[in-house]
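K.L.:
Supplied in structure tokens, the structure appears directly below.
Read-outs: derived from the displayed coordinates by stated rules, not from any lab. Since this is a predicted model, take the numbers as computed values, not measurements. Note: ideal-geometry Cβ built from the backbone for every residue, glycine included; neighbour counts use all protein chains shown.
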Amino acid sequence: MDKPYSAACDNNREPILSVIKDLFADCRSVLELGSGTGQHAVFFAGKQPHLSWQTSDLLENHEGIKLWLNEARLDNALAPLVLDVTQSEWPIVEVDAVFSANAVHIMGWEAVKAMIAGVGKLISEGGLLVLYGPFNYNNNYSSESNASFDVWLKERNPESGIRDFEEVDRLAKAAGMYLQDDYAMPANNRILCWKKIK
């Protein structure tokens with residue numbers, strides 16, 4: 001099997017790093033939900049050696065993630081956990097932050113709800129949830145390209161689609177997390193960061 005590859009990961013990794021290096025400066029461990037190809041994990045762990053970067057994904061994606069991890073041989077990039085955000089019990093891990101890129105518009109809304117609730121249970125007070133991807137505000141697309149992307153997503157899977165920030169923020173508040181920062185990113189994406197308060 002050849003390593004899986006995502007051009008988007010290469011394109012967005014530097015802008016994402018420019019934000020998360022400060023957000024995670026005081027963290028020791030991060031759980032990545034939906035590690036996908038594994039490219040982000042290798043890059044971000046390599047650039048942030050103080051972090052223990054725990055990968056996770058559905059089992060079907062583990063082989064590709066391991067190919068990237070095995071090639072990089074980073075002590076702080078950990079082998080993937082089997083984690084479906086809809087499962088009732090998540091693996092027991094102690095992390096200071098949870099990161100996920102380009103996942104909430106791919107998964108169905110019920111999975112998004114399960115993910116936010118799961119993160120709220122997992123992290124302790126002061127813990128962070130950091131999401132990267134496109135979001136709508138006040139039910140409006142931020143660009144024509146995002147509107148077209150949303151149509152494409154729904155044609156592939158009617159349960160997917162660009163999420164409304166207000167709805168995701170409501171879920172986060174219900175899980176005890178409150179918005180700390182909202183960063184504009186290239187290509188009409190955002191980085192949203194919530195902090196666990198209670």
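K.L.:
What number, rounded to the nearest 500 deg cm²/dmol, is the helix-based mean residue ellipticity at 222 nm of the chain, given -39500 (n - 2.57) per DSSP H run of at least four residues and division by all its residues?
P.N.:
Taken over the chain, the calculation gives -11500 deg cm²/dmol.
K.L.:
Got a sec? Charge dipole of the range 7-196, +1 on Cβ for Lys and Arg, -1 for Asp and Glu; which of F24, L83, Q54 is way out at the positive end?
P.N.:
Value: F24.
K.L.:
Further question on the same structure: Excluding residues on the same chain fewer than 8 positions from K47, give the lysines whose Cα lies under 18 Å from its Cα.
P.N.:
Cα-Cα hits under 18 Å: K21.
K.L.:
OK, next. Pairs to check: K66/K121; K66/K195; K121/K154; K113/K173; K3/K66; K3/K154. Give those whose C-alpha atoms are more than 19 Å from each other in this structure.
P.N.:
On the way: K66/K121 27 Å; K66/K195 30 Å; K121/K154 30 Å; K113/K173 12 Å; K3/K66 9 Å; K3/K154 28 Å.
Flagged as over cut-off: K66/K121; K66/K195; K121/K154; K3/K154.
K.L.:
Okay, next question. If you place +1 on the Cβ of every Lys and Arg and -1 on the Cβ of every Asp and Glu, how big does the dipole about the Cα centre of the range 7-196 come out, in debye to the nearest 20?
P.N.:
Here the size comes out at about 220 debye.
K.L.:
Can you give me the long-range amide H partners of F135? Hydrogens built in the peptide plane at 1.01 Å from N, cutoff under 5 Å, separation of 5 or more residues or another chain.
P.N.:
R190
K.L.:
Quick one: order R73, R190 by neighbouring beta-carbon count within 10 Å, fewest to most.
P.N.:
Result, fewest neighbours first: R73, R190.
K.L.:
Follow-up question, since we're still on this one. Determine the relative contact order of the range 7-196: mean sequence separation of Cα pairs under 8 Å and six or more apart, normalised by residue count, in whole percent.
P.N.:
On the way: 335 pairs, mean separation 36.3, N = 190.
Relative CO of the range 7-196 lands at 19 percent.
K.L.:
Report relative contact order for the range 65-140 in percent, whole number only (criteria: Cα-Cα under 8 Å, sequence separation at least 6).
P.N.:
33 percent
K.L.:
Now a separate question. Of the beta bridges DSSP finds with both residues in the chain, what % are antiparallel, to the nearest 5?
P.N.:
Of all bridge pairs located within the chain, approximately 45 percent are antiparallel.
K.L.:
Taking GluC sites (Glu not before Pro) as exposed when DSSP calls them loop (any state but H, G, I, E, B) and at most 15 other Cβ atoms lie within 10 Å, what is the longest stretch of the chain free of them, the sites themselves excluded?
P.N.:
So the longest stretch without any such site is 1-88.
K.L.:
Arranged by the count of other C-beta atoms within 10 angstrom, fewest first, what order do D57, D96, D182, D22 take?
P.N.:
Result, fewest neighbours first: D22, D182, D96, D57.
K.L.:
Here's a follow-up. If every alpha-carbon in the chain counts as one equal scatterer, what log10 I(q)/I(0) does Debye give at q = 0.13, 0.15, 0.19 1/Å?
P.N.:
-0.66, -0.91, -1.54
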